[in-house]
Amino acid sequence: MPEQDIDKAEGLTYADAGVDIERATRTKQRIRYLAHKTFTRNVLSEIGGFGGMYALDMKRYKDPVLVSSVDGVGTKLKVAFEMKLHHTVGGDLVNHCVNDIAVQGAAPLFFMDYLATGRLDPEVAEAVVTGIADACKQNGCSLIGGETAEMPGFYPEGEYDLAGFIVGVVDRERIITGKDVQIGDVLVGLPSAGLHTNGYALARKLFFEIARYSPETYVNDLHNKAGAELMRPHKSYWPVMKKLIDGEAVAAMAHITGGGITENLPRVLPKGMGALIETGSWPMLPVFDHLMALGNISRDEMMRTFNMGIGMILVVPTKKFKKVQTILDRAGEKGYTIGRVVKGDRKVAYA
C-alpha cells in the first residue's frame, strides 16, 4: 500500500465505517428514560449495565418457578417499514411473549429487547422502545435492559430487526401443563384483533403481489386500508388470563400463533386426546375470508397458517364452564364455544 494511503487510513473512525457511537449514546439515554417508567422496586440494576438484575419477591411464592420465552415480530416489520409505523410493533413483541408464558400460569416479571439496524435512526428506535415500554407497563412487567446494535451493511436502509425475551414466575403447584385435561372438556376461543404477528409472509404476498395493493389501498371487503389492516396489534390476553388462573378455572390454554389452531392446540393436550373444532362457531374476521379468496387457499392451509380470528383457546372442565363465562363477562372479554376435547392422538379435527 502506498505511504499516502496508509496516512489516510490512520485517520478513520468508527463513524466512518457507519457506526456513530455518540448518536447511539444519545439514543440509549432516551431509552433509559422510557425503561425507567416500567421499573418496580424489584429492579436492582440501571439501564446500561452489563446485565439486568431483578429481585424475586420470595414472600409471594411458596416454590417459585421461572418461565421464559423469546420471540420476534417476523415479517410484519416489512409492513411497518412501508408505513413508517414503528410504535405498535414494540407492543406486538411484548404481548406475544406475555401470552406465551401466561398459558403456563406465569405472571410476567421482566422483559429485554434486541433492536438491530444498519444505521441507527434515533426517532425510529425511540418509537419502537416506546411501544415496548408502554406494553410492559400495561402487562405489569419491567423493561430492565436490552441491546441496540448498529450493523452497517447488514440490513437494508431504513430496516431493522426486533426480538424480545421475557421472564415470568409461577408457583410450582400452580403450573398449568395440561395434565388435568379430560375428554369432554370445552374449548373456549378468545377473539384475536387480526393476524397478530403470524402468517405475514403469505399475507404480504397476497396483498402486495397478487392483489397489487399498496398500504394505502382502501379495501371494501375489509372496510379498512390494506396496511392498517395488517398492522392491527397483537392482543395481550394477560388481564383476563390472570383472573382465570387465579380462579383455577382452566385445565390448559393455548396461544394461537404460527401454525394456527392446527399446530398450537395439540401442544397442551395429553396423550390419547385430540380436539374437535366446529368451524363457523365464531365470527370470522373479514381479513381471513379476503386472504382465502385472493389466493384460493384451502381451509386446511388457512387453519395451519393463520389464527383465523381466535388468538387464545381455553380448555375448560365442564363443571367450571359457567365460572369461566362469568369471569369473561366481568372482564368485558368475548368467549366463543368452539369445540371440545375428544379421544385422539393429539391432533385437531374440524367439523
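So for region 109-263: antiparallel DSSP bridges make up what percent, rounded to the nearest 5?
55 percent
How large a share of the accessible area of the chain, in percent, is made up of carbon and sulfur atoms when the probe is 1.4 Å and the other protein chains stay in place?
Here it works out to 51 percent.
Calculate, in nm to one decimal, what T279 and R41 gain on full extension: separation in residues at 0.36 nm each, minus their alpha carbon distance.
81.0 nm
Can you give me the angle between helix 321-331 and the longest principal axis of the chain, using Cα atoms only, in degrees from 0 to 90, rounded to the nearest 10?
Rounded to the nearest ten degrees, it is 40.
Among the trypsin sites (Lys or Arg not before Pro) in region 241-293, which ones are in a DSSP loop with at most 12 other Cβ atoms within 10 Å of the Cβ? Mind listing them?
K271
Which value results when the Cα radius of gyration for the chain is divided by 2.2 N^0.38 Å? Spell out each step's value before the answer.
Numbers: Rg = 22.6 Å, N = 351, 2.2 N^0.38 = 20.4 Å.
It is 1.11.
Compute the accessible area per residue over the chain, keeping the other protein chains in place, probe 1.4 Å, unit Å².
The answer is 49 Å² per residue.
Measure nothing fancy, just the Cα-based angle from helix 21-36's long axis to the longest principal axis of the chain, in degrees from 0 to 90, nearest 10.
The angle comes out near 30 degrees.
Rank N307, G274, F288 by how far each Cα sits towards the positive end of the charge dipole of region 267-311 (+1 on Lys, Arg Cβ; -1 on Asp, Glu Cβ) and give me just the farthest.
Checked the options; the winner is G274.
In the chain, what percentage of the DSSP-assigned beta bridges are antiparallel, given to the nearest 5? Present the calculation step by step, with values, prior to reporting the outcome.
Numbers: 41 of 52 bridges.
Taking every DSSP beta bridge within the chain, about 80 percent pair in antiparallel fashion.
Compute the angle between helix 286-295 and the longest alpha-carbon principal axis of the chain, please, reported from 0 to 90 degrees and rounded to the nearest 10.
That helix lies at roughly 80 degrees to the long axis.
The values are calculated or read from the model by the stated rules, or taken from the named source; none is laboratory data. Since this is a predicted model, take the numbers as computed values, not measurements. Glycine also receives a Cβ, built like all others from the backbone with ideal geometry; neighbour counts cover every protein chain displayed. These area figures cover heavy atoms from the full protein model, side chains too; ligands, DNA and RNA do not enter into them. Shrake-Rupley method; radii C 1.70, N 1.55, O 1.52, S 1.80 Å.
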